[in-house]
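Worksheet: the structure to be examined is printed underneath.
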Amino acid sequence: MAATGGHDQTLRRSLGLGDAVVVGLAAMLGAGVFVAFAPAARAAGDLLLVALAIAVLVAGANAHSSARLAARYPTSGGAYVYGRDRLGVPWGHLAGWAFITGKTASCAAMALTVGAYLMPDQQAVLAVLVVLAVLALNLAGVQRSARVASAVVALVLVALLGFVAVMLASPPAILSDLPARESEPGLLGAVQGAGFLFFAMAGYARVATLGEEVRDPERTLPRAIALSLGVVTVVYLLVASAFLFTVGPDWLSARVSPVAEAAEISGLPWLGPVMRVVAGVAAGGALLALLLGVSRTVLAMARDHHLPRGLALVDAKGVPARAEITVAVVVLLLVVLFDVRAVIGFSSVCVLTYYAIANASALTLPGSAALRVVPVVGLVGCVVVALCLPVQSVVVGAAVLAVGAAVGWFRHVARHDGPDAG
């Protein structure tokens, strides 16, 4: 039909291992270091490193399950495809719904982070402009997006290593505005802190959702997921240690832009403005990678008629343009209506649900008993961490997910029981 433009509706396999790794790094580094440490410290206190360890354990199990599934299903959609094919259509629909809603909220958080760091007085205005700029870049093609992500990752890694070195070599001498600690957080606080940090560590999902655009996906996807998560774990450990050993969790928990504010009171205060610029660029890079991943899941669900079929259109450049534009419009609405902290807990609940379904899907794969232990750890970890997040986030997330589950179930039943069934 004319609407298809007469060209192949599959995506081009144009990304190599390095491209896939930097897409995951851009998503994780931009989100975590500059957004999640403050609320994680507020929840976990002195147990921040324990929270990080829990987040890494859950993320590692999820990454292992995602890598096995991505190698078996090298197509766009991630856990939506895995849940659909391994557990049934309603579970796939719920996974896709959880990913789209959670990561669309993350997109808004990243856009607002750019505004908060670079133009606090005009945060929403700059956030809107950033979303439009990233949309234009993604519409130009995924290879260009990956090249930009590579430059962003290099900048952020250099800046963060410099930040850690400065903080440890020349820490702040006097701290002010320390909030009164209400109580010791304990293990529950550490688990809740892990939930906030998990929000930052789920970028490897972007690698899996790009499965249809990666060369030699059976080898490339597992390696890219492992490499990107490994690098980010080391970086997070360094930054968390620098915070704990210099400013402490109480000071950290009260910050809005902790990396920049810590740099401003270090022995080299000029580093503060530099980190603000780097944070803005990093959040923009995360937004770039997030929009890529969300739009590919929209594409996969539209192909299966769980979303309007028109969103499955791939243009002559190999870009799912309608899916990209639709996601960007929703992100723009969230940017105007909400602030950056309001969406982190909600996003974590949705994304943990997504990975719980991925782990359940991995349990159905053939393999030894030892291989089955990993998805069990991931599944239990996702459920426990999600339930330990703030009550408001859990309630809102559960309500949104219930709507998605109901729609998926009724569409599944209607398809099988309707006049066209069979």
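The values are calculated or read from the model by the stated rules, or taken from the named source; none is laboratory data. A quick note: this is a predicted structure, and the numbers were derived from the prediction, not measured. As a convention, Cβ positions derive from the backbone with ideal geometry for all residues, glycine included, and neighbour counts pool all protein chains shown. All accessible areas refer to the heavy atoms of the entire protein, side chains included, with ligands and DNA or RNA removed. Shrake-Rupley method; radii C 1.70, N 1.55, O 1.52, S 1.80 Å.
Worth a mention:
- Cβ-Cβ distance of Leu57 and Phe245, R₀ of 25 Å, FRET efficiency by 1/(1 + (r/R0)^6): the value works out to about 0.65.
- A 1.4 Å probe, protein heavy atoms only, puts the accessible area of Thr246 near 30 Å².
- Dimensions in Å of segment 242-398 - Rg and Dmax from alpha carbons: 20.2, 57
- The packing ranking, built from the mean of other Cβ atoms within 10 Å per residue, places the peptides 287-299, 370-382 in the order 287-299, 370-382, highest first.
- Converting phi to 3J(HN,Hα) with the Karplus coefficients 6.51, -1.76 and 1.60 and the offset θ = phi - 60°, segment 254-269 yields 9, 8, 9, 10, x, 5, 5, 5, 5, 5, 5, 9, 7, x, 10, x Hz in sequence order, with x at every glycine or proline.
- Rounded to the nearest whole Hz, the Karplus-based 3J(HN,Hα) values (6.51 cos²θ - 1.76 cosθ + 1.60, θ = phi - 60°) of segment 47-59 follow the sequence 8, 4, 5, 5, 4, 5, 4, 5, 4, 5, 4, 5, 5, with x at glycine and proline.
- Taking packing as the residue-averaged number of other Cβ atoms within 10 angstrom, the listed peptides 39-50, 84-95 run from highest to lowest as 39-50, 84-95.
- Point-to-point label distance, Leu337-Val380, nm (Cα→Cβ direction, 7 Å offset): 3.8
- Segment 247-378 - percent of accessible surface contributed by carbon and sulfur, probe 1.4 Å: 72
- Estimated at the nearest 10 Å², the accessible area of Phe196 is 20 Å² with a 1.4 Å probe.
- Integer Hz, Karplus 6.51/-1.76/1.60 couplings in order for segment 223-231, x for Gly and Pro: 5, 5, 5, 5, 5, 5, 5, x, 5
- Figure note: Met167, Met119 ranked by solvent-accessible area, largest first, 1.4 Å probe, ligands and nucleic acids not counted: Met119, Met167.
- Centroid-to-centroid separation of segment 261-291 and segment 342-364 [C-alpha atoms, Å]: 28
- For segment 218-307, Kirkwood radius (reciprocal of mean inverse C-alpha pair distance, Å): 16.1
- Heavy atoms of Ile100 accessible to a 1.4 Å probe, total area in Å² rounded to 10: 30
- Rounded to 0.05, the FRET efficiency of the Leu129 and Ala154 pair, given R0 = 30 Å and the Cβ-Cβ distance, is 0.80.
- Shape of segment 285-368, Cα gyration tensor, a/c cut at 1.5: oblate
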